[in-house]
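Just so you know, all these numbers are worked out from the coordinates, no wet-lab data involved. As the structure is a prediction and not an experimental result, all values here were calculated from the model. We place every Cβ from the backbone using ideal geometry, glycine too, and count neighbours over all the protein chains shown.
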Number of protein chains: 2
Amino acid sequence: MTAEDPVPPEPARPTRGDQTRQKILETALELFREKGYEETTMRAIAERAEVALGNTYYYFRSKEHLIQAFYGRTHEEHLEACAALLAREKDLKKRLLGVMRTKLDASAPYHRFAGILFKSAADPMSPLNPFSPESSPVRQESTALFAAVLDGSKVKIPPDLRAELPNLLWLYHMGIILFWIHDESPGARRTQTLVEHSVDIVARLITLTSLPVLRPVRKRVLRLLDELREKAA
Amino acid sequence: MTAEDPVPPEPARPTRGDQTRQKILETALELFREKGYEETTMRAIAERAEVALGNTYYYFRSKEHLIQAFYGRTHEEHLEACAALLAREKDLKKRLLGVMRTKLDASAPYHRFAGILFKSAADPMSPLNPFSPESSPVRQESTALFAAVLDGSKVKIPPDLRAELPNLLWLYHMGIILFWIHDESPGARRTQTLVEHSVDIVARLITLTSLPVLRPVRKRVLRLLDELREKAA
DNA sequence: TTACTTAGTTGAACACGTTCAAGTCGAAGG
DNA sequence: CCTTCGACTTGAACGTGTTCAACTAAGTAA
């Protein structure tokens, strides 16, 4: 808004480098969609982007880092796609279902090479690992989305559980994605089935947790999460 | 036993090739333990095994396939390690706990490069993917182990759930392994904590499933599994 | 013995991801 | 105008996993 940002952490003026960076990323995603990840070579990316091979490494530390960039992008698409629904709908189950459906829709074009995402995601050394510091911003945004899913609904949830639930839902959603990656059925029908049903189950479980019978289990789950967090520090 | 097997599917007589094969595998695991997976080159393996580079590919289709061989081996170690306990103990929770503990113990020497296992495991294209046909024997053996855990215990489990539970427990155990891979705490303490607590929770849930309140949820879970299996065919 | 066959072995060659020392470009300072 | 400096760009070179056509060894039938 003001005349000039003096020294902002991440200014937004597009330099020459920014253009090159974007061209490389755009070209890479294009090729990934066309031929898949493994079959796309860095040389091919550089060539189509009209850039020297080494230059791609000036902007992206590795081939995998190109995927991280893609990951951030689909996440933003997903946020947009479910904003309307979250503003309108008040029923927890429908909210969660909507979020998961739009997630699948947003990811669909990349199903072909999404495997590589999880391939790296499961590798503790990879920057793509969702638990790595490098991707924690995306993860936090993602769990924030699930917090929003809960907040906008009218369901009563015990406060202790409420605090942890976004993390658990994020984990749940990662499980779904993992299933989706392996799902070769046309239009990912099996994953859709899984989502429809599992959302129902999850929603039920959430409401059930208020029952006295389940209190001990709930407490144990929460205590476990606490302890793990302790030892992590 | 008899004089000569005429044409058995997979005879057991050790040919020259078997020796070479074993030497390569042994050397590979040795180097993996010493330097980790990424840092071990196929050339180094070939050299120490006193074999030509190309020969390693005669016996193992790829570097990853060497890991699959290792995977089968630790699984056998694990089976042995928990046999005694399963013969003795009758309490479900203790049985499950014992199995999971021994699993971690058996895997401990390989923690350093276990990441690569899951890296490939999450990739739908990889032969290491636990859902792939190539590794289904190991998976079946593994779920059979969990069936044994249930069978030897005195807990009453609804038959419909009983049929699916080994698969669910296998999934649970994969989740634990995934956590373990990312666990950098000394001696994998965090994973141990996770196991101690989560086994308790799982055991509780299993016994709780007989409760009338939980019947609808149980039924829905089972129906979901059924539907997914249907669509897979 | 000789010819044929199959299992096992070889290392040069290939394609790829990645690195790096050397460049080019454009703006700021003199 | 020249110089300097740092952002940006270049492509040759490296190390890697993997392939392959050619070779050897050893057994089998004639």
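Using a 10 angstrom Cβ neighbour count of at most 16 plus a DSSP loop assignment to flag exposed trypsin sites (Lys or Arg not before Pro), which longest range of chain B is free of such sites?
Within chain B, the longest run free of exposed trypsin sites (Lys or Arg not before Pro) spans B:157-233.
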With bins 5 Å wide starting at 0, give me the P(r) of segment B:53-173 over every alpha carbon pair, in whole percents. 2, 10, 18, 21, 18, 13, 9, 5, 2, 1, 0, 0
Toward the positive end of the charge dipole of segment A:89-233, about the Cα centre and with charges on Cβ (Lys, Arg +1; Asp, Glu -1), which of A:Tyr110, A:Leu224, A:Ala144 goes farthest? A:Leu224
For A:Leu86, what is the net charge nearby, where nearby means another residue's Cβ is under 12 Å from its Cβ and Lys, Arg count +1, Asp, Glu -1? 0
Helical segments meeting 15 Å axial Cα length and Kyte-Doolittle -0.5 threshold in chain B (DSSP H): B:63-88, B:92-107, B:111-121, B:136-151, B:159-182, B:189-208
Given the rule -39500 (n - 2.57) for each run of at least 4 DSSP H residues, summed and divided by the residues of chain B, what is its mean residue ellipticity at 222 nm, to the nearest 500 deg cm²/dmol? -23500 deg cm²/dmol
Name the shape class, rounded, prolate or oblate, that the alpha-carbon gyration tensor gives for the protein assembly as shown, where a ≥ b ≥ c are the square roots of its eigenvalues, rounded holds for a/c under 1.5, and otherwise prolate holds if a/b is larger than b/c and oblate otherwise. oblate
Which residue, A:Pro159, A:Pro137, A:Pro109, has the most motion in a Gaussian network model of chain A that connects Cα atoms within less than 10 Å? A:Pro159
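Determine the shielding of peptide A:219-231 by partner chains: average, over its residues, the number of Cβ atoms on other chains within 10 angstrom of each Cβ.
Average per residue, whole number: 3.
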I need the shape label for segment B:192-233. Rule: rounded when a/c is under 1.5, else prolate if a/b > b/c, else oblate, with a, b, c from the alpha carbon gyration tensor. oblate
At q = 0.08, 0.09, 0.10 Å⁻¹, base-10 log of I(q)/I(0) for chain B (Debye sum, equal scatterers on each alpha carbon): -0.38, -0.48, -0.58
Can you tell me how segment B:30-116 classifies by the Cα gyration tensor, rounded, prolate or oblate, using a/c under 1.5 as the rounded cut? prolate
Taking only Cα atoms and a 10 Å spring cutoff, compute GNM fluctuations for chain A and point out the largest among A:Asp160, A:Asp200, A:Asp105. A:Asp160
Would you mind telling me which residue in A:Gly187, A:Gly152, A:Gly72 has the biggest mean-square fluctuation in a Gaussian network model of chain A, where springs connect alpha carbons within a distance under 10 angstrom? A:Gly187
Amide H neighbours of A:Ser185 under 5 Å, counting only residues 5+ apart in sequence or on other chains, H built in-plane at 1.01 Å? A:Arg190
Taking K and R as +1 and D and E as -1, what net charge do the other residues with C-beta under 10 Å from the C-beta of B:Lys23 add up to? -1
